[in-house]
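Right, one structure below, let's go through it.
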Amino acid sequence: MINVQKLTKKYGKFTANDNISLHVGAGEFAVLLGPNGAGKSTLIKSICGLLRFQGSIRIGKHDSHTTEAKRILGYLPEMPAPYPMLTVSEHMEFIARAYRLTDWEQDAQRLLERFELADKQKKLGKELSKGMQQKISICCMALPKPQAAILDEPLVGLDPYAIRELKSMLLEWKQEGRAVLVSTHMIESVAENWDTVHIMMQGRVVRSCGRNALAEGESLEQLYFSITGGADAAEDPEARHE
Amino acid sequence: MNSLLYIVTREMKNTLLELVRKPARLILVLLLVAFLVAMILVSMFTGSMMEEYADLFLLKGIFFAFLLLFTLIAVRSGFTAGNTFFGMEDVNLLFVSPVSAGKILVYGLARSMSRAFLMGFFILFQTNSLRLFGVGFGGVLIFFFVFMLSLVLSFLCSVAIYRRTNGSERRKVTAAAIIAAILVPAAVYAVLLLLRGDPPMQILARLVDAPSVRGIPVAGWGMEGAMALITGDWGTAVIFIGLIVFFIAVLAVFIANGRSEYYEDVLAATETAFERRRALERNVNASAALDGKKVRVAKTGVGGIGASAIFYSHIRESLRENRFGMFNRITVIYLLVAVAASFFTRENGSCVLPLQIIMWMQVIYIGQGHGVKELYMHFIYLIPEPPFRKLLWSNLETAVRSLVEGILVFGVAGAILRDPPLLIIGAVVTYVLFSLLLIAVNCLFLRWTGMNVNAGILFLLYYLAAIFIMLPGAIPAVIMGYTVAGDAGITLALGILSLWELIAALVCFALSRGILHSCDMPAGRLR
């Protein structure tokens, strides 16, 4: 569903993403891990068409820049940024209209209730706390029922109830056959549901593997530290792999 | 080495190194310097050809109004969050360090000086305009220097007001009363001159020479000091510049030696500035997001379908942001400027002068439109619609706003000047199409640069481009204006200019078609 081929993103001389290829299939819950500055957010923004890049990205059967690709793609940004002067319910209406959705009202209501925003429908974007802004961002992402969802640090700022709801929603999406790619530093938050992990360092994916590729008794966290481990590994990831 | 000196020198060194490491920025700085030098040379050349100069009191009035505006903004902030010349890094690292608060204040003042330097930099580009008054580059430097000093004093006034009035409504009322008492005599004198029915220019000439205006702190002193330096009246210059310097010292001592440290007085403003900067880095709608103004939500809902939903959401936001719908604070500023310009030229002027002034202001304010802001949020990139359609719909609100604004501003200006309706319509059309052209130039620049440049540099490039793109239309328009006499000539000139604006805007829009596909969404612009 999400197919990245030889993606390179440079800022001047600095290479933020270096020849990255990865694939997230339908019904797959993929996790993007890596230390700060590894290039995860850059990769995500490139996939979502927010950055220019070299290489190819396809969402479903479509090039990521096409309207067909955008129609089936959902994105939750790292920093929530609602429209300050639109209310919560107007955000839902705006997304419904922009995506040309039909019969969306009940879905919107369900989402707002699920994330405890139903009683705040008349609140303006600027009046929301950071956590609530994150919730409205989640609702905006979820309303068009994306077939491929990309979430950048989705749990930051959420209360425990919303964390539980978001995790359960992503699990439902996986079971419905949607592709989910989550970038996070909170490894334990994805430990239950992940299918594939892509570990990034210094702009490259240094390890991609499925859950069944883990050694007996090895956890995702242990895998992560075995790859990114100490200072030596951080300086020379290639050497560590060898 | 002293820690403060270390910070200052290291920051300067790193800034220079960054300039060298980023050739694009270096080229731009060199271009800027070249532009400045060319301007000075041109002004020297054209200066010698002039037979008669404009009256100096007009320049005096403009400089006074300019200083008064900056001072009042600073004073206003003193009543709310205060002002700051510190960054959050100073609060976190310097304020808690064992460096004396007095030394840190001196460091803060040096920072405020550099801020004033940047804010006043545009004065240097007025060399050509000031030549009309017989003021050479030396005079421009004097204006620049006095502006910097006045700005530092207004920053200090702001902090001092905050320090004295914070948390006490009674003190706020007292401070407001003192400020009113300073301004009222000048206002009363202006009203008396108006009631006497003196010609506008005579009123202005008398006003700028009145003791009640010259004596107004910061603005009056700055105006008088600058003009005295330019005309070689050294005694007056020493008095007024001396007053500014003296009060800078007095307020600095007052702030540094109060009963409590001044850190608290600048903390709120520093935090607000920091939050604003952070919010801007992730969302340019920061000003709306950060103001604490309570907004009443009455009518709700967003219209449109597909890309047009962007336009309707902007309209909804606009109506919420401003009590008067499409008219906002900028409209009021435009209206005041247009009324003032029309009033002072009502005997033999036309609405070309207000149009000219407001078009210059429009270059700065066009970025306030929702269309430009939209590019800083992810929604427009993800909405499944053709990119060019999204771009057009997202800028339509600015065009509609310009039309409404143009009708009001030039309607009023035209009425004061008794311009024929066709000329007023010409001014409105020129204004609206200029807004469109600026949006198009902005999009084109974002398209060319991939939005991967510093906001300041982008603005400067855009500013210069706006001038050069207008030239092919402005030159024949000016020729037409001089060839055909009277209002007909001016109306025809505006027609030519409008036509050029339309063509140039369409070309720029066509060239920036792929903007949403071939640009990086801007982030962290205020580097």
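Does the range B:157-169 contain at least one residue that is modelled with pLDDT of 80 or more, of a type outside the set (Val, Ile, Thr) and touching a Leu at 6+ places or on another chain (Cβ under 9 Å)?
Yes; the residues of the range B:157-169 include at least one that is modelled with pLDDT of 80 or more, of a type outside the set (Val, Ile, Thr) and touching a Leu at 6+ places or on another chain (Cβ under 9 Å).
Confirm whether B:Arg170 is of a type in the set (D, E, K, R) and over 20 Å from B:Phe66 (Cα atoms).
Yes; evaluated as a whole, the condition is true for this residue.
So, in the range A:44-92, how many residues would count as being more than 30 Å from B:Thr300 (Cα to Cα) and among the hydroxyl-bearing types (Ser, Thr, Tyr)?
4
Just checking, how many residues over the range A:79-103 are modelled with pLDDT of 85 or more and open to solvent by 10 Å² or more (accessible area, probe 1.4 Å)?
8
Being modelled with pLDDT of 75 or more and over 28 Å from B:Pro200 (Cβ atoms) is true for just one of B:Leu58, B:Leu16, B:Leu72. Which residue is that?
It is B:Leu16.
Go through the range A:186-202 residue by residue and tally those that are in contact (Cβ under 8 Å) with a residue 60 or more places away in the chain and not aliphatic (A, V, I, L, M).
6
Would you mind stating whether B:Leu464 is at pLDDT below 80, open to solvent by less than 50 Å² (accessible area, probe 1.4 Å), over 23 Å from A:Gly49 (Cβ atoms) and not polar (S, T, N, Q)?
yes
All but one of (1) open to solvent by 60 Å² or more (accessible area, probe 1.4 Å); (2) at pLDDT 90 or above hold for B:Ala180; which doesn't?
With respect to (1) open to solvent by 60 Å² or more (accessible area, probe 1.4 Å); (2) at pLDDT 90 or above, B:Ala180 is out only on (1).
Select from the range A:113-128 the residues that are open to solvent by 10 Å² or more (accessible area, probe 1.4 Å) and within 12 Å of chain B (Cβ to nearest Cβ) and write down the one among them that is farthest from the chain's Cα centre (by Cα).
Among them, the one singled out is A:Lys122.
Among the residues of the range A:152-161, is there at least one that is in a helix (DSSP H, G or I) and either open to solvent by 10 Å² or more (accessible area, probe 1.4 Å) or within 14 Å of chain B (Cβ to nearest Cβ) (or both)?
Yes, that holds for at least one residue.
Being at pLDDT 90 or above and surrounded by 19 or more Cβ atoms within 10 Å (Cβ to Cβ) is the filter here; which residues of the range A:4-15 pass it?
Listed by number, the residues that qualify are A:Val4, A:Leu7.
Give the residues of the range B:292-317 that are part of a loop (DSSP other than H, G, I, E, B) and either over 13 Å from A:Lys122 (Cβ atoms) or more than 8 Å from chain A (Cβ to nearest Cβ) (or both), sorted by residue number.
B:Gly292, B:Lys293, B:Lys294, B:Arg296, B:Ala298, B:Lys299, B:Val302, B:Gly303, B:Gly304, B:Ile305, B:Gly306, B:Ala307
From the set of residues in the range B:380-432 that are free of Cβ contacts under 8 Å to residues at least 24 places away in the same chain and in a helix (DSSP H, G or I), which is farthest from the other protein chains (Cβ to nearest Cβ)?
Per the stated criteria, the residue is B:Pro421.
Looking only at strands (runs of 3 or more DSSP E) that fall completely inside the range A:21-112, which ones have 3 or more residues that are within 12 Å of chain B (Cβ to nearest Cβ) and either within 21 Å of A:Asp152 (Cβ to Cβ) or touching a residue at least 24 places away in the same chain (Cβ under 8 Å) (or both)?
Answer list for the range A:21-112: A:73-76.
Within the bounds of the range B:187-205, is there any residue that is within 27 Å of B:Phe85 (Cβ to Cβ), free of Cβ contacts under 8 Å to residues at least 60 places away in the same chain and not β-branched (Val, Ile, Thr)?
no
Mind listing whichever residues of the range B:364-402 are more than 20 Å from B:Val428 (Cβ to Cβ), of a type in the set (Ser, Thr, Tyr) and open to solvent by less than 10 Å² (accessible area, probe 1.4 Å)?
Answer for the range B:364-402, where residues must be more than 20 Å from B:Val428 (Cβ to Cβ), of a type in the set (Ser, Thr, Tyr) and open to solvent by less than 10 Å² (accessible area, probe 1.4 Å): B:Tyr381, B:Ser394.
Please verify whether A:Lys6 is assigned by TED's automatic domain parsing to the domain that holds A:Ile199, charged (D, E, K, R) and at positive phi, treating the condition exactly as stated.
Here the answer is yes, as A:Lys6 does meet what is asked.
Can you list the helices (runs of 4 or more DSSP H) lying wholly within the range A:197-242 that have 3 or more residues being modelled with pLDDT of 85 or more?
In the range A:197-242, the matching helices (runs of 4 or more DSSP H) lie at A:220-228.
On the basis of being of a type in the set (S, T, N, Q), in the same structural domain as A:Met186 (by TED's automatic domain parsing) and under 15 Å from the mean Cα position of the chain (by Cα), does A:Ser56 make the cut?
no
The values are calculated or read from the model by the stated rules, or taken from the named source; none is laboratory data. Computed from a predicted model, the values in this text were never measured in an experiment. Every residue, glycine among them, receives a Cβ derived from its backbone with ideal geometry; neighbour counts consider all protein chains shown. For the accessible areas, the whole protein counts, side chains as well, though only heavy atoms, and no ligand, DNA or RNA atoms are used. Shrake-Rupley method; radii C 1.70, N 1.55, O 1.52, S 1.80 Å.
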